[in-house]
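Chemist: Pasting in a structure now, in structure tokens, and then I'll have a few things to ask.
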Amino acid sequence: MPDICLMGGTFDPIHYGHLVVAEEVRQRFHLDKVVFIPAGKPPHKRNQTISDAQHRVNMTRLATSSNPYFEVSTIEVDRQGFSYTVDTVDQLRRSFQVDKIYFITGADAVLEILTWKDVEKLLSMTNFIAATRPGYDLNNLKETLKSLPDPFIKKILPLEVPALSISSSDIRRRVREGRSFKYLLPESVEKYIYKNNIYKNNIYVSS
């Protein structure tokens, strides 16, 4: 059976930080595939505005097309209602017929993991890789997780990745302000943003 990793996010837009994390995790954990999952209606961003799902899917496909180990799933954007990670992981675990599955997210998101739907069920199905910037203080993460049973704490694995200093919110801000965002994301995604006038006339507050 293949060992796979899921990477969820709004990808608004996807950038080199996401891609570097995915490739680093793939190699570090000897995985066969990384599946990028653009968010549908994330419950933790219900009061925030994010770009049209099809634009985000298209940008993610453009950014990942050159890597044969990457693929994109529209499982969440195709789902009605809010998208919960536990449902996505459960469905894809069955679809790929795998027992071992990894899920990449940022360390800041992991700090909120106790508020996620069915968190213990989720941790029983997957290993979380908490991507961090260099110098990130892991004490907050350890403090947050201490109320979880020890076997679940051991399934959350911090991974330092320098490219995480790039952020989608900074790219959106640069577009709105007419500043360059070249070299922060693949050229194909840059051209797509210009062609479709994404972010130029709207204020987006998702991250």
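The values are calculated or read from the model by the stated rules, or taken from the named source; none is laboratory data. It should be emphasised that the depicted structure is a prediction, and the values quoted were computed from it without experimental measurement. Counting neighbours? That spans all protein chains shown, and the Cβs are built from the backbone with ideal geometry, glycine included.
Chemist: Could you tell me whether region 34-52 includes any residue that is modelled with pLDDT of 90 or more, surrounded by fewer than 17 Cβ atoms within 10 Å (Cβ to Cβ) and either at positive phi or more than 14 Å from the chain's Cα centre (by Cα) (or both)?
Modeler: Scanning region 34-52, I find at least one residue that is modelled with pLDDT of 90 or more, surrounded by fewer than 17 Cβ atoms within 10 Å (Cβ to Cβ) and either at positive phi or more than 14 Å from the chain's Cα centre (by Cα) (or both), so the answer is yes.
Residue-wise test of (1) farther than 30 Å from Val98 by Cβ; (2) modelled with pLDDT of 90 or more; (3) out of contact with any strand residue (DSSP E or B) (no Cβ under 9 Å at 6 or more places or on another chain).
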site	(1), (2), (3)
Ile129	no, yes, no
Leu148	no, no, no
Tyr192	yes, yes, yes
Asn196	yes, yes, yes
Tyr204	yes, no, yes
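Chemist: Among (1) in contact with a helix residue (DSSP H, G or I) (Cβ under 9 Å, 6 or more places away or on another chain); (2) buried (at least 21 other Cβ atoms within 10 Å of the Cβ); (3) of a type in the set (Val, Ile, Thr), there is one condition Thr88 misses while meeting the rest; what is its number?
Modeler: Unmet condition: (1).
Chemist: While we're looking at this one, here's another question. Residues that are over 27 Å from Ile193 (Cβ atoms) and in contact (Cβ under 8 Å) with a residue 60 or more places away in the chain: find the strands (runs of 3 or more DSSP E) completely inside region 51-145 holding 2 or more of those.
Modeler: Output list reads 101-106.
Chemist: Within region 164-190, how many residues turn out to be of a type in the set (S, T, N, Q) and touching a strand residue (DSSP E or B) at 6+ places or on another chain (Cβ under 9 Å)?
Modeler: 1
Chemist: OK, next. Restricting attention to region 124-139, and to residues there that are in contact with a Leu (Cβ under 8 Å, 6 or more places away or on another chain) and within 20 Å of Ser167 (Cβ to Cβ), which single residue is surrounded by the fewest Cβ atoms within 10 Å (Cβ to Cβ)?
Modeler: Only one residue fits best here, namely Arg133.
Chemist: Further question on the same structure: Here is a list: Glu112, Glu160, Glu143. Which entry is of a type in the set (D, E, K, R) and surrounded by 14 or more Cβ atoms within 10 Å (Cβ to Cβ)?
Modeler: Only one candidate passes the filter, namely Glu160.
Chemist: Can we say Ile171 is of a type outside the set (Lys, Arg), under 17 Å from the mean Cα position of the chain (by Cα), closer than 18 Å to Tyr16 by Cα and not in a loop (DSSP other than H, G, I, E, B)?
Modeler: Considered against the rule, which asks whether it is of a type outside the set (Lys, Arg), under 17 Å from the mean Cα position of the chain (by Cα), closer than 18 Å to Tyr16 by Cα and not in a loop (DSSP other than H, G, I, E, B), Ile171 comes out as yes.
Chemist: In this structure, is Gly17 in contact with a helix residue (DSSP H, G or I) (Cβ under 8 Å, 6 or more places away or on another chain), in contact (Cβ under 8 Å) with a residue 40 or more places away in the chain and not in a strand (DSSP E or B)?
Modeler: Yes.
Chemist: Report yes if Ile4 is closer than 20 Å to Ile101 by Cβ, surrounded by fewer than 22 Cβ atoms within 10 Å (Cβ to Cβ), among the aliphatic types (A, V, I, L, M) and touching a residue at least 12 places away in the same chain (Cβ under 8 Å), otherwise no.
Modeler: So Ile4 fits the description; yes.
Chemist: Out of the residues in region 91-109 that are touching a Pro at 6+ places or on another chain (Cβ under 8 Å) and surrounded by fewer than 20 Cβ atoms within 10 Å (Cβ to Cβ), state the one that is modelled with the lowest pLDDT.
Modeler: Residue satisfying both the conditions and the ranking: Val98.
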